[in-house]
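Structure first, commentary second.
The values are calculated or read from the model by the stated rules, or taken from the named source; none is laboratory data. These numbers were taken from a predicted model, which means no experiment stands behind them. Here Cβ is always computed from backbone atoms with ideal geometry, including for glycine, and neighbour counts include all displayed protein chains.
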């Protein structure tokens, strides 16, 4: 998408709410989320470096964000299984 240092990671970090732009706005689905904290945005980022909870297994790491959103445990389980199947880690 571009050479090192051109702003790819910074752009993703701003979309995720981990950095705030110096100017302009961030619109997601037409909604201004520029000052919205990361946990209030409906976006996710998978970091290149190790960003998992080491004391949790893969399923628990996936479920963590869904639990924070307040989903019912049955919905969380279903979604976790769907995502694990998507990346062929369901077993």
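Annotations
- Members of the stretch 55-88 found to be in a loop (DSSP other than H, G, I, E, B) and modelled with pLDDT under 95, listed by number: 55, 56, 57, 69, 70, 71, 87, 88
- Per-region count, the stretch 18-36, residues at pLDDT 90 or above, within 18 Å of the chain's Cα centre (by Cα) and assigned to a loop (DSSP other than H, G, I, E, B): 8
- Among the numbered conditions (1) touching a helix residue (DSSP H, G or I) at 6+ places or on another chain (Cβ under 8 Å); (2) in a loop (DSSP other than H, G, I, E, B); (3) over 25 Å from residue 17 (Cβ atoms), the only one that residue 91 does not meet is (1).
- Boolean, residue 42 is in a loop (DSSP other than H, G, I, E, B) and either modelled with pLDDT under 90 or surrounded by 10 or more Cβ atoms within 10 Å (Cβ to Cβ) (or both): yes
- Residue-level check: of (1) more than 12 Å from the chain's Cα centre (by Cα); (2) surrounded by fewer than 12 Cβ atoms within 10 Å (Cβ to Cβ); (3) free of Cβ contacts under 8 Å to residues at least 24 places away in the same chain, residue 89 misses just (3).
- Residue list for the stretch 1-43, restricted to those being more than 23 Å from residue 67 (Cβ to Cβ) and touching a helix residue (DSSP H, G or I) at 6+ places or on another chain (Cβ under 8 Å): 1, 2, 19, 20, 21, 26
- Residue check for residue 25: in contact with a strand residue (DSSP E or B) (Cβ under 7 Å, 6 or more places away or on another chain) and surrounded by fewer than 13 Cβ atoms within 10 Å (Cβ to Cβ): yes
- Selection status of residue 52, in a helix (DSSP H, G or I) and closer than 20 Å to residue 65 by Cβ: no
- Meets criteria (over 15 Å from the mean Cα position of the chain (by Cα), surrounded by 10 or more Cβ atoms within 10 Å (Cβ to Cβ) and either farther than 20 Å from residue 13 by Cα or assigned by TED's automatic domain parsing to the domain that holds residue 11 (or both)) for residue 55: no
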